[in-house]
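Trainee: First the structure, which I've put down as C-alpha cells, then a few questions once you've had a look.
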Amino acid sequence: MTSTASERRAFAHKINRTVAADIRKQVSRDYGSPQLTKKRPHQPLPLTEVVEPVDFEEYVSSHAPGVEPGPLRELTEFPQDDLELLHQDKECITLEPPLPEEEDSLDSRVRDALAVYTDDWLIIQRKYQRYSTTYTPHNSERQRERQRGLVKQTFELDEAAAAERQDDQDDAKRRSVSLDDTPRGSWASSIFDLKNSSPDVLLPSVLERTAAEDMDHRNTEARLQGRHNDLLGLYPPPDEDEAVERCSVIEVPKEHCGQRIMVKCLSLKFEIEIEPIFGTLALYDVKEKKKISENFYFDLNSDQMKGLLKPHTPHTAISTLARSAIFSITYPSADIFLVIKLEKVLQQGDIGECCEPYMVMKESDSSKHKEKLEKLRLQAEQSCSRLGRFRMPFAWTAIHLLNIVSSVGGLDRSDPDSDSERKGHGTWNDRKKKGFERMSVGDDMCNFATFRPATLTVTNFFKQEGDRLSDEDLYKYLADMRRPSSVLRRLRPVTAQLKIDISPAPDSPHYCLSPELLHVKPYPDLRVRPTKDVLEFPARYVYTPHTTYRNLLYVYPQSLNFSSRQGSVRNIAVKAQFMAGEDPSQALPVIFGKSSCAEYVREAYSPIIYHNKSPEFYEEIKMKIPANLTDNHHLLFTFYHISCQPKQNTPLETPVGYTWIPLMQHGRLRTGSFSLPVSVEKPPPSYSVLTPDVQLPGMKWVDNHKGVFNVEVTAASSVHTQDPHLDKFFTLVYVLEEYSFPFRLKDVIITEANMEGELKASMAALRGALLDTCVRFLHQLLNKLIQLIVYPPVIAGQIVNLGRTSFEAMSLFVNQIHKNLEGNQDQHGRNNLLASYIHYCFRLPTAEPTVPPTAGGQQSYEMPMQYATLSRATARPSSLHLARSKSISNSNPDLASTPVSPDEEVQRIIGSKANDRSNNRMSAFLDSVALFTVPTRQITKKLLHEELALQWVVSTSTVREAALQQAWFFFQLMTKSMAHHLFLTSKLDVARRQRFPDRFVDDIAALVCAISADIAGRYHKDVELVERLNSSLAFFLNDLLSLMDRGFVFNLIRTYYKQIANKLHTAQNPSSLNALRMDFTRIVCSHEHYVILNLPCSTLSPPASPSPSTSSTTSQGSAFSSMVQDQGVATMFELSVPFRQQHFLSGLLLTELSLILDPDGEGVFFLHKKAISAVHSLLCSHDADPRYTDPQTPRLRGAAMPQPTPTMLTQTVATLSVSLLPWRLLAPPYRMPKPTRSPCPQCPGASPALCLPSAAGLCWCVSCGC
C-alpha cells in the first residue's frame, strides 16, 4: 500500500490513464480527417449514393464450399429446409365433427363451405425465422431473464474514476476523522494503525516461477469460468417504438365467443302442485331492444307431474333434460335481463282464470281448500290427457344481471371486458382507436366474466297478459322494472320459488352440448345430464369469420288477425313444419325439441291464447336447415282451432287456414319479416315454388288476400349469407361452375350472352354488402375471387378474364375492412382477420373447375378458343419504365387485338419488347443471367402472384389507392402464392433464377419502383399511409430474399434507396425520409439469414483483429498507425465500394449509421436513436442465435457489423450520450477469415483450425475468446 494517490499500483494507474478518448482523437485526426482522405489513391463513391451489389447467385454458385462437411458450409447458402409447408389439423371442440347428415347431393354452397371449414390449415413458414428479431425481440423481459444469477462486476478502472472525482472531499475527511472511526482496510487506517492491523492473506504462488504456457492455460480456464454467452443481451433493450421489424403472432381463426355465464335451474315450487309447469330462459337487451340469445327450455317438474304427459312424449331424449345453460354475452351492458317465462298445459279459461288458484291458495291452507284442490288436479289430469301437446302462457319474471354482478362485489375492472374489447389493444395508431367493440363507461362496469357465483331464489312472477305478449310489450315491462315506482310492483304476483345459480362459466365445462346438440369436449360420459351451450344473437355486429359448419333456422310467429274470419275460430294454434315437398309425409324431423321430449320433431305448435281471434305470439321454433336445399323446400304454417272442451262430433283440431314460405328462391335463402296472406283452403299442387302473394285461381283467402299473419325468419348459418349482394355473387358463380343455363335470377334470365356482364356487375356491387356479413364469409368470398383469377371461366367457348374485376373487388373490400375495423390491427396496420386468412386459410386452387359441355356434347376445349380480354381504358403508367411494352398475362389490358392462343400472345410480346430491354436497368440485370425458356401457360389456369403483380401495376385511380392502403395484404398474398407454387411444382431445388418467369420479375421491379416513388413523393402529406407502405414494402423484400434471386432483390432495395436519395435533395423535411429509410433498412436486415446474405466468407481484403487486447495505449496506437500505413488494411476500416458491394446489407446499415452519426450532418436525436437501436438489436439477435453458439461453428455475430465501425464511431461518439451506445460497439467487429493450419503464437493451447490470425499481428481464438 502507498500513502498517496500518485503511488497506486502500476497496473491500476496505467488502466486509468489509458482512456478511449485518446484513441478517438488520434483516429479522428489522422485516419478520419479530410486531409488524409484526399491523399488516398482512389476516390470512393459517396455514402449518399448506393452501390450496385454483387451478383449474389453468381457469387454463391462460383464459390461453393468444398465437399468436406464443416461450419463454413452453413455460412455460404440457405439451409435446404429453409421453407416448410405444414398441414395443421383444425381444432374440433366437439366429439362429432360438425358436418351435415346428408352426404350425397350437397348444395353447392354447402360443398364450398365444408371445404373451407374442414380443410387443414395450410401454413408456409420460414423454419429459421424464429431466430430473427421479428419474432424473438430483445426486450426487457428477456433482459431480466438473462440477468438472473449474474454477479455484479466491479473493476478498478471504474473505481479509480470515481475516486479521482472525490479526492478533495476524501482529504478533508481524513484530516478530521479519528482513529477509532476508520474501518479496517481503509486508507486512513493503513497510516495510523499499521502496527495493530492484521496482515492480508498470503498468496503462496505469487513468487513462484511459472512457465508462460501454464500461466496462459490458467488464464484461459479462468476466463471461461462463468462466462455469459449473450453479453449484448444484458444491455438495456431499446424502446419498443424503435423495433419496427417486430410482428405479432397471428392468431388462429376461431369462432367468436363472448363472456360466458352459467345458469343452473335448481328447483321450481308453487304453493300448490296440481299440474306440470315448463320454463324458458333467454337474454334480452333493453337498450338495443333485441333478444340476444336463443331460448333454453327446462323442466323441473316432479316425476308425478311428468307422468301426466307420458302418452304425448313416449320417448324422451337426454339432450332435452338439461337444467343448466351457458349464455354468451359479447357486449356486456347494464340493460341485459335474464327473462324467465313459464307455460302450462292448455286448459279451458283465460290466463287470469288459470293463474287465480296460484295467487290465492297456499300450501298451509291445503286442508281448507282440499276439495277445490282435488277438483283442480282432476281438471289438470284431463287437460294433460287430452291437450297435452298444447301450451298456454302462464307467468314471467326477469333478473337484472347488473344487480347480480354488483351485489356479489366481484367486479374486477382490470380485466378485459370481452374478446371483442381485447381486440382494441395493440393497434398501430392509438389515436384512431375506436371501433365496433368499444362500450360506454356504464357498460364497461358490466364484466360478467369475473363475478362471484350467486344463488338466487325468485319468489315473484307476473301473470302473462293475453293481449301484451309481444316483445315490444316485454321491453316496456323490463324498462319499467328498473324504476323505483314500477307499475309491476303494484300487481298481485304469482307466488313461487325458483331457485337458480348464476356464475361465470368455466373455460372447459364438462357434459356440454353445442347449439347443434353435439357433444363438446370433454364429455366423459354420454349418460350424464347435459349442460346446453345457448347460441348468442349479439346485440351489435361481430366481425369474426365463420370457421365451423352451422346451418340453423329460427322461426318467430308474431301475430295473426282472424277477426274477419268466419266460423268458430278462437283458440288458435299455429303449427309449423319444414317441408321437403308438398306431401304431408315429407315433413322433415328437423325441429329441435324443447324439454322432456324427443330430440327432433316434425312439427311445432305455438302457445294458445284462449278465446282470442287476433293472438300475439312469443314462440321461437328452432330448426336445422338441410344441406341439399331445393326450390321445393318450404315452411308450412297450418292454423288450427283447438276445442278445449270435449264435444260430441267435434274434433280436437280443426284446420282454419294455411300459408307458407318458399325457403329457396332465385338461389338464395329467404329470411326476414313476412306479412303473409292466409288461405282458407288447402294449397293446390305445385304451390311450394310460388309465394302466397300470388293470386292462385280458385283459392279463398282470409280478408281478401291481405297479409294477416306476421312471422319473422332468421338464420344462424355459415352457409347462407342472407345478404342480397353476396347471394347474387355466389349464385352466379355456382351457376357458372355448374353451367346451369338458363337461370332465373329475380326478373333477369341468366344466359351465356349476359353472364359475363351480370357477374362483373355483381362483383362491383359487393361494396354495397353489409360489412359484418362480408367478414363472416370472408374466407369463402376471398377464395371465390382468387379462384376467378386463377381459373378464368369459360363461357360459350371463350375464356372470360376476370383478373381486373376480381382485383378491384378485392382491393375495395380489403380497404373497407381496414377503414371500419381499425381496432383490430397490429402495430403495422395489418388487420388480424385478413392476416390470419393468408397465414392459415389461403392456398392456391388446385382443383380445376368442371369444363362445361357444348351443345354437341363435346368439351369446349375441342373448339378453337379465343381470349375474352378485358377492355382497358388506361394503359400502364409510363412513369413505371417497364421493361416491356406489352404484358404477357392472359388478362393483359394493353393488347390491341385478341390473340388466338397463349403461345401466339407470348411470342408477339416477346418480340415487341426485345429492343426495350437494353435501356432498362432491371432488364439488363436479368439479361446478364442465364434465362430459361418461358413455359407454355395452361389455357385455363393462371398464377395468382403473377396476376396480382400485373393488375396492381396497371391499376389506376381508386383501385390503385385502395391497393396502396392495404399493400401488406397483397404483398403477403403474393409471397404465400409464390411459396405454395414452388412447393406444388417442386421448384425449391431449382436455381433461383429459374423459379419465376422474367415477365413476373419485371412486374415486381415495376411495382417496387412505383411504390418507392409513392413513398418518396407522399411522405409529407400522407404520413400514416407512407409509414404503412414503407414497412409493407420492407417486409415484402425481406420475404423475397427467401424465394427469389437474391441479387435481384438487392437491386430492388437499391431501387428504393435511389428513389429516396433523389427526393432527399429537395425534401423540406429530410429527417422524415431518413427515418423511413432507417426503418426500411432495419426490417430488411432482420432476415434470419442476414449473416449468409452478407457473404461472410468472401475474400474482400485481409482480415483484421476481432478485438484489441487491453495491453497499453502504445500497442493500440501502433495498430491504428499500421492501418493508416497499409492501404489494404485501411480499406477494411472504411465503407469502401468493394465492401459495400460484397456485404450489401451490412453496407447499407453501416452507411445509415455513418450518415446519421456524422458530426457535420443534420441528424437529430431520434435518428441517432433509431440507427444505434437498429445496430444494437441486430447484434443482440446474432449474439443470442443458437446457430452460432456451437463451438464448432465460427462465431459470426460480428458479420452484422463488419470492419468500418470504429472509424465512424470514434469520430462522433464524443458528441453522443454514452447511454445510447453499448460499449461493445466500440470494439472492432470482425468478419470470418480462413482459419490457419499452424498454431498461433499468442494462443498455443488452442486448436490450429480454430485460430484466426489478424492483420495487426494479433490473434483471436474463437474457442475461448482470448
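Trainee: With a 10 Å radius around each residue's Cβ, average the other Cβ atoms per peptide and rank 588-596, 616-624, highest first. Don't skip to the answer; put the middle values down first.
Mentor: Working: 588-596: 19.6, 616-624: 21.2.
Highest-to-lowest ranking by the protection proxy: 616-624, 588-596.
Trainee: Rule-of-thumb check for the stretch 717-762: C-alpha Rg over 2.2 N^0.38 Å?
Mentor: On the way: Rg = 10.5 Å, N = 46, 2.2 N^0.38 = 9.4 Å.
So the stretch 717-762 has a normalised radius of gyration of 1.11.
Trainee: With the crude spin-label approximation of a point 7 Å out along Cα→Cβ, what separation in nm comes out for residue 482 versus residue 632?
Mentor: Output for this residue pair reads 5.2 nm.
Trainee: Still on this model: Beta carbons within 10 angstrom, averaged per residue: use that to sort the peptides 1082-1091, 211-220, highest first.
Mentor: On the way: 1082-1091: 24.8, 211-220: 11.6.
Highest-to-lowest ranking by the protection proxy: 1082-1091, 211-220.
Trainee: While we're on this one: State the Kirkwood hydrodynamic radius of the stretch 724-849 in Å, one decimal place, computed from all pairs of distinct Cα atoms.
Mentor: Details: mean 1/r = 0.0645 Å⁻¹.
In the stretch 724-849 this quantity evaluates to 15.5 Å.
Trainee: Then there's this: Using a 1.4 Å probe and ignoring any ligands, DNA or RNA, find the accessible area of residue 819 and quote it in Å² to the nearest 10.
Mentor: Roll a 1.4 Å probe over it and residue 819 shows about 120 Å².
Trainee: Further question: Would you grab the residues whose amide H sits under 5 Å from the one on residue 571? Only those 5+ places off in sequence or on another chain, please, with H modelled 1.01 Å from N.
Mentor: 611, 612, 642
Trainee: Using θ = phi - 60° and the Karplus curve 6.51 cos²θ - 1.76 cosθ + 1.60, what whole-Hz ³J(HN,Hα) does each residue of the stretch 1000-1010 get, with Gly and Pro shown as x?
Mentor: After applying 6.51 cos²θ - 1.76 cosθ + 1.60, I find 5, 4, 5, 5, 5, 4, 5, 5, 5, 5, 5 Hz.
Trainee: Which whole-Hz couplings ³J(HN,Hα) result when phi for each residue of the stretch 798-803 is put into the Karplus expression 6.51 cos²θ - 1.76 cosθ + 1.60, θ = phi - 60°, listed in order with x for Gly and Pro?
Mentor: 10, 7, 8, 7, 10, x
Trainee: Show me, bin by bin at 5 Å from 0, the whole-percent P(r) of the stretch 337-400 based on Cα pairs.
Mentor: The distribution over the stretch 337-400 is 4, 16, 21, 22, 18, 12, 5, 2, 0, given as percents.
Trainee: Hey, can you rank 249-262, 970-983, 106-119, 691-704 by average C-beta count inside 10 Å, highest first? Could the numbers behind the result be given before it?
Mentor: Details: 249-262: 17.0, 970-983: 21.3, 106-119: 18.5, 691-704: 13.6.
Top to bottom by mean Cβ count within 10 Å: 970-983, 106-119, 249-262, 691-704.
Trainee: Tell me the volume per residue, in Å³, of the convex hull enclosing the alpha carbons of the stretch 477-590. Mind dumping the intermediate values first?
Mentor: Numbers: hull volume 35.8 nm³, N = 114.
Roughly 314 Å³ of hull volume per residue.
Trainee: In addition: Could you list log10 I(q)/I(0) for the stretch 969-1026 at q = 0.13, 0.14, 0.27, 0.30 Å⁻¹, which the Debye formula gives when each Cα is one point scatterer?
Mentor: -0.48, -0.54, -1.12, -1.20
Trainee: Continuing with this model, one more query. Pull up all non-local amide H partners of residue 656: gap of 5 or more, or a different chain, and H-to-H distance under 5 Å with H placed in the peptide plane.
Mentor: 639, 640, 641
Trainee: Determine ³J(HN,Hα), in whole Hz, for all residues of the stretch 56-63 in sequence, where each value follows from phi through the Karplus function 6.51 cos²θ - 1.76 cosθ + 1.60 and θ = phi - 60°; x replaces Gly and Pro.
Mentor: Whole-Hz 3J(HN,Hα) from phi for the stretch 56-63: 4, 5, 5, 5, 5, 5, 8, 10.
Trainee: How big is the stretch 653-799 by the Kirkwood estimate over distinct Cα pairs, in Å?
Mentor: 17.7
Trainee: Search the structure for amide H atoms under 5 Å from the amide H of residue 629, placed 1.01 Å from N in the peptide plane, and list their residues when 5 or more places away or on another chain.
Mentor: Under 5 Å from the amide H of residue 629 lie the amide H atoms of 107, each far enough along the sequence or on another chain.
Trainee: Using only the Cα atoms of the stretch 1007-1091, each taken as one equal point scatterer with no solvent, compute I(q) by the Debye sum, divide by I(0), and report log10 of the ratio at q = 0.13 Å⁻¹.
Mentor: -0.38
Trainee: If each of residue 497 and residue 761 carries a label point 7 Å out from its Cα toward its Cβ, how far apart are those two points in nm?
Mentor: The two pseudo-label positions are separated by 6.9 nm.
Trainee: When only alpha-carbon atoms are used, what values of Rg and Dmax, in angstrom, describe the stretch 277-396?
Mentor: Over the stretch 277-396's Cα set, Rg and Dmax evaluate to 17.3, 52 Å.
Trainee: Give me the mean projected area, in nm² to one decimal, of the convex hull enclosing the Cα positions of the stretch 447-510. Provide the component values of the computation, followed by the final result.
Mentor: Details: hull surface 27.0 nm².
In nm², the orientation-averaged hull projection of the stretch 447-510 is 6.8.
Trainee: Give or take rounding to whole Å, what are the principal axis extents of the alpha carbon atoms in the stretch 280-319, in descending order?
Mentor: Largest to smallest, the principal-axis extents are 43, 17, 15 Å.
Trainee: When the C-alpha atoms of the stretch 520-563 are aligned to their principal axes, what extent does each axis show, in angstrom, from largest down?
Mentor: Rounded to whole Å, the extents work out to 55, 33, 19 Å.
Trainee: Under a 1.4 angstrom probe, counting protein chains only, how are 1146, 585 ranked by accessible area, largest first? Could you put the intermediate results ahead of the total?
Mentor: Numbers: 1146 0, 585 90 Å².
So, going from the largest accessible area down, we get 585, 1146.
The values are calculated or read from the model by the stated rules, or taken from the named source; none is laboratory data. Predicted model only: the values in this text are computed from it and were never measured. Here Cβ is always computed from backbone atoms with ideal geometry, including for glycine, and neighbour counts include all displayed protein chains. Each accessible area value is taken on the protein alone, full model and side chains, heavy atoms only, with ligands, DNA and RNA left out. Shrake-Rupley method; radii C 1.70, N 1.55, O 1.52, S 1.80 Å.
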